[in-house]
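The values are calculated or read from the model by the stated rules, or taken from the named source; none is laboratory data. All figures in this text were calculated on a predicted structure; none of them were measured in a lab. Note that each Cβ is placed from the backbone with ideal geometry, even for glycine, and that neighbours are counted across all protein chains shown. Protein only, heavy atoms only, side chains kept; ligands, DNA and RNA dropped before computing areas. Shrake-Rupley method; radii C 1.70, N 1.55, O 1.52, S 1.80 Å.
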Amino acid sequence: MEKIRRTKIADVFKAPKFGSTVDVKGWVRTIRGNKYVNFIHINDGSTVHNLQIVADVEKFGIDFFKPITTGACIHVVGTLVESQGKGQNAEIQADSIEVYGTADPETYPLQKKGHSLEFLREIAYLRPRTNTFGAVFRIRHHMAYAIHKYFNDNGFYYFHTPIITASDAEGAGSMFQATTLDLNNVPRTETGEVDYSKDFFGGATNLTVSGQLEGELGAMALGAIYTFGPTFRAENSNTPRHLAEFWMIEPEMAFYDIHDNMDLAEDFLKYLIRYALEYCKDDIEFLCEHFDKELLDRLNAVVANDFVRLTYTEGVEILEKSGQKFEYPVYWGADLQSEHERYLVENHFKRPVILTDYPKEIKSFYMKQNEDGKTVRGMDVLFPKIGEIIGGSEREADYDKLVQRTKELNMNTDPIWWYMETRRFGTAPHAGFGLGFERLILFITGMTNIRDVIPFPRTPNNAEF
Ligand code: ATP
Ligand code: MN
């Protein structure tokens with residue numbers, strides 16, 4: 001007999017050739033049956049939909065099915081037939097079944113009943129095998145691809161910025177140190193400080209919190225670049241929106257002002273949502289049905305409406321007049337909390353908001369300073385259910401102003417001398433922003449905890465798997 005190739009289950013459903021022989025492989029989700037026939041539902045990760053295998057009990061013998069339990073992996077060859085029951089269009093009448101691997105029902109943690117997301121986090125090594133996490137991680141993949149496609153189609157270059165960095169300008173204290181020094185026997189200088197000259201790089205280094213500073217160097221040569229890589233923050237914030245290791249997308253563009261930057265951010269986000277609606281339809285529908293009935297409406301609403309643009313000062317006025325009780329007080333100069341951001345988006349405007357021109361005290365040194373001497377050309381994009389999804393700004397292009405700001409902040413600019421220098425060699429207006437990849441995936445999937453949109457989350461006290 002001619003050897004047939006394995007077909008992915010997604011392709012079985014896409015264009016079923018009834019009457020043909022097909023070869024499928026997958027993990028058993030459920031098995032049930034009676035004296036005459038067993039119905040085995042398998043999934044191979046290519047779609048959220050399970051494929052039903054119909055197996056004659058007499059043909060295989062009752063004992064044959066004993067090792068075929070939830071979690072086992074099987075290989076089936078059989079005839080594709082039109083499905084009688086509701087659900088999928090096609091099922092397989094099994095001719096042969098091979099068991100690749102069993103999964104002892106006594107110890108396999110994923111039984112067919114619905115498990116809580118909290119429980120599934122504890123078995124993150126197996127949760128991709130659930131419908132929910134299969135859907136989330138497929139969407140995650142498609143979004144990563146769409147990000148590269150968007151930038152490539154729009155003339156941006158993928159620019160790789162370093163993971164290990166000697167600059168701690170963005171926020172010492174919230175960084176993870178990278179060292180090969182023996183912590184039980186740390187070399188000291190004469191004055192008793194840690195002697196980093198003995199360390200691997202001949203100086204202190206950390207894991208990056210952002211690729212922006214180096215990204216700007218790329219923009220000032222290639223015109224428009226983006227980074228897409230892991231970033232690390234050791235902030236001890238146990239919230240549903242923060243990870244210690246997360247992925248960030250950071251475009252940087254020469255000759256963009258803050259308005260161009262906002263246009264790009266809005267167009268980019270809408271593109272990604274439209275892409276998800278087109279290419280992740282089944283998975284989004286599954287998540288909508290099981291977790292968040294308003295998910296599809298919310299995604300469609302963001303695509304259909306213009307984002308509201310207003311200044312931080314205007315935003316704070318709205319919040320102050322709202323009469324709303326917030327956990328954190330709101331006043332001009334306060335760093336807005338997620339509850340404030342979400343009030344503006346969900347209650348007041350009922351659409352995404354881009355806030356601009358923040359007080360310089362709550363933003364980074366590199367943001368372009370406004371004439372008023374009080375605010376800077378920062379912009380945060382605020383989304384329903386999430387709050388801040390993007391943070392960005394027009395960058396300060398003026399050397400003297402940049403130097404003066406670092407002095408006001410008592411910053412040591414030695415480790416970023418090269419960043420400062422770019423303002424002396426062919427400086428130009430430029431801008432950029434950072435999109436938190438997991439925050440995007442939260443929005444697209446309707447999941448509510450950031451630990452559930454990355455395969456193996458890193459959070460305080462947890463680096464398992
Ligand atoms: P937040 O105020 O929410 O803590 P931030 O202002 O510190 O965020 P930025 O430095 O502006 O964040 O980073 C850019 C983007 O990266 C944010 O808009 C957000 O989408 C994402 N982000 C920041 N910190 C985290 C984190 N710890 N985990 C996941 N995503 C993050
Ligand atoms: Mn921010």
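Annotation for segment 272-287: at least one member residue is free of Cβ contacts under 8 Å to residues at least 60 places away in the same chain and of a type outside the set (D, E, K, R). Of the candidates Ala178, Ala166, the single residue that is modelled with pLDDT under 95 and small (Gly, Ala, Ser) is Ala166.
Residue-by-condition table, conditions (1) within 16 Å of ligand 2 (Cβ to nearest atom); (2) open to solvent by less than 50 Å² (accessible area, probe 1.4 Å); (3) of a type in the set (Lys, Arg):
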| residue | (1), (2), (3) |
| --- | --- |
| Gly378 | yes, yes, no |
| Thr413 | no, yes, no |
| Arg439 | yes, yes, yes |
| Ala463 | no, no, no |
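Among residues of segment 376-388 that are more than 16 Å from Leu264 (Cα to Cα) and without any contact (Cβ under 8 Å) to a residue 60 or more places away in the chain, those with a beta-carbon under 8 Å from a residue that is more than 10 Å from ligand 1 (Cβ to nearest atom) and assigned to a strand (DSSP E or B) at least six positions away or on a different chain give the pairs Val376/Asp357; Val376/Tyr358; Val376/Pro359; Val376/Met367; Val376/Gln369. When the test is whether a residue is in contact with a helix residue (DSSP H, G or I) (Cβ under 9 Å, 6 or more places away or on another chain) and at pLDDT below 95, Gly202 does not pass it. Checking the conditions here, which among Asp263, Asp292, Asp267, Asp297 is farther than 19 Å from His141 by Cα, more than 16 Å from ligand 1 (Cβ to nearest atom), without any contact (Cβ under 8 Å) to a residue 12 or more places away in the chain and under 20 Å from the mean Cα position of the chain (by Cα)? Within the list Asp263, Asp292, Asp267, Asp297, the selection yields Asp267. Restrict the check to segment 343-360 and report whether at least one residue is modelled with pLDDT of 95 or more, outside any strand (DSSP E or B), hydroxyl-bearing (Ser, Thr, Tyr) and open to solvent by 20 Å² or more (accessible area, probe 1.4 Å). Scanning segment 343-360, I find at least one residue that is modelled with pLDDT of 95 or more, outside any strand (DSSP E or B), hydroxyl-bearing (Ser, Thr, Tyr) and open to solvent by 20 Å² or more (accessible area, probe 1.4 Å), so the answer is yes.
Asp398: more than 23 Å from Met447 (Cβ to Cβ), acidic (Asp, Glu) and touching a strand residue (DSSP E or B) at 6+ places or on another chain (Cβ under 9 Å), yes or no? When the stated conditions are applied, Asp398 passes them.
What number of residues within segment 399-443 satisfy the criterion of being under 29 Å from the mean Cα position of the chain (by Cα) and of a type outside the set (Gly, Ala, Ser)? Of the residues in that region, 12 qualify. For segment 82-91, filtering for residues that are open to solvent by 40 Å² or more (accessible area, probe 1.4 Å) and in a strand (DSSP E or B) leaves 1. If you filter segment 315-326 down to residues that are assigned to a loop (DSSP other than H, G, I, E, B) and of a type in the set (Gly, Ala, Ser), you find that the one that is most open to solvent (accessible area, probe 1.4 Å) is Gly323. Restricting to segment 365-375, what's the tally of residues that are free of Cβ contacts under 8 Å to residues at least 24 places away in the same chain and either within 16 Å of ligand 2 (Cβ to nearest atom) or buried (at least 20 other Cβ atoms within 10 Å of the Cβ) (or both)? Number satisfying all stated conditions: 0.
Taking every residue in segment 85-96 that is farther than 10 Å from Val12 by Cα and pairing it with any residue that is part of a loop (DSSP other than H, G, I, E, B), at least 6 positions away or on another chain, the pairs with Cβ-Cβ distances below 7 Å are Gln88/His49.
Regarding segment 99-119, can at least one residue be identified that is under 25 Å from the mean Cα position of the chain (by Cα), over 26 Å from His49 (Cβ atoms), open to solvent by 30 Å² or more (accessible area, probe 1.4 Å) and polar (S, T, N, Q)? Taking every residue of segment 99-119 in turn, none turns out to be under 25 Å from the mean Cα position of the chain (by Cα), over 26 Å from His49 (Cβ atoms), open to solvent by 30 Å² or more (accessible area, probe 1.4 Å) and polar (S, T, N, Q). Here is a check on your reading of the model: is Asp182 touching a Pro at 6+ places or on another chain (Cβ under 7 Å), more than 30 Å from Gly218 (Cα to Cα) and either among the charged types (D, E, K, R) or open to solvent by 60 Å² or more (accessible area, probe 1.4 Å) (or both)? The answer is no for Asp182. Considered as a group, the residues in segment 327-337 that are aromatic (Phe, Trp, Tyr) and away from ligand 1 (no atom under 16 Å from the Cβ) include one that is least open to solvent (accessible area, probe 1.4 Å), and that residue is Trp332. Taking residues in segment 316-338 that are over 20 Å from Ile389 (Cα atoms), and partners anywhere that are within 16 Å of ligand 1 (Cβ to nearest atom) and open to solvent by 90 Å² or more (accessible area, probe 1.4 Å), the pairs with Cβ atoms closer than 9 Å and at least 6 places apart or on different chains are Gly333/Glu361. Checking Leu402, Leu344 one by one, the residue that is out of contact with any Cys (no Cβ under 6 Å at 6 or more places or on another chain), within 16 Å of ligand 2 (Cβ to nearest atom) and on the phi < 0 side of the Ramachandran plot is Leu344 and no other. A single entry from Phe119, Phe137 fulfils the requirement of being in contact (Cβ under 8 Å) with a residue 24 or more places away in the chain, of a type in the set (Phe, Trp, Tyr) and part of a helix (DSSP H, G or I): Phe137. The residue that is nearest to the chain's Cα centre (by Cα), counting only those in segment 327-341 that are within 14 Å of ligand 2 (Cβ to nearest atom) and assigned to a helix (DSSP H, G or I), is Ser338.
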